[in-house]
1. LEU13: touching a residue at least 40 places away in the same chain (Cβ under 8 Å) and surrounded by 14 or more Cβ atoms within 10 Å (Cβ to Cβ), yes or no?
2. Taking the range 28-78, which residues are touching a residue at least 60 places away in the same chain (Cβ under 8 Å) and either in a loop (DSSP other than H, G, I, E, B) or charged (D, E, K, R) (or both)?
3. Take the range 45-68 and flag every residue that is closer than 17 Å to VAL12 by Cα and exposed (fewer than 10 other Cβ atoms within 10 Å of the Cβ).
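A short reminder: the numbers here are calculations on the coordinates, not readings from a lab. Keep in mind the model is a prediction, meaning the values are calculated, not measured. Cβ sites come from the backbone with ideal geometry, for glycine too, and all protein chains shown count toward neighbours.
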Amino acid sequence: MTEPRSAKGQIVLPAPGARVVVRYLISTGQATDALGELLSVDDHTVVVKGVRGVERIAVADIVAAKPVPPRPAPPRKPLQP
């Protein structure tokens, strides 16, 4: 996963409202991803609303992050004659 970084090496996230994927470390040391709408960002916490609900992620635990395209539209049902 490649992501934009600031001159200080910090991960740069888009403005709230964008769809993002954030890879972060959990207590076991394994990494997991949060995929969804970026709700807020501050110096300590990133908040993402995804299919698992609202996830509050400590900035210190983030390994990588980047914007992603909008979710694909669900398939349409064919019209019946």
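1. On the way: touching a residue at least 40 places away in the same chain (Cβ under 8 Å): yes; surrounded by 14 or more Cβ atoms within 10 Å (Cβ to Cβ): yes.
In short, yes.
2. LYS66 - this is the single residue of the range 28-78 that is touching a residue at least 60 places away in the same chain (Cβ under 8 Å) and either in a loop (DSSP other than H, G, I, E, B) or charged (D, E, K, R) (or both).
3. Residue satisfying the conditions is ALA60 alone.
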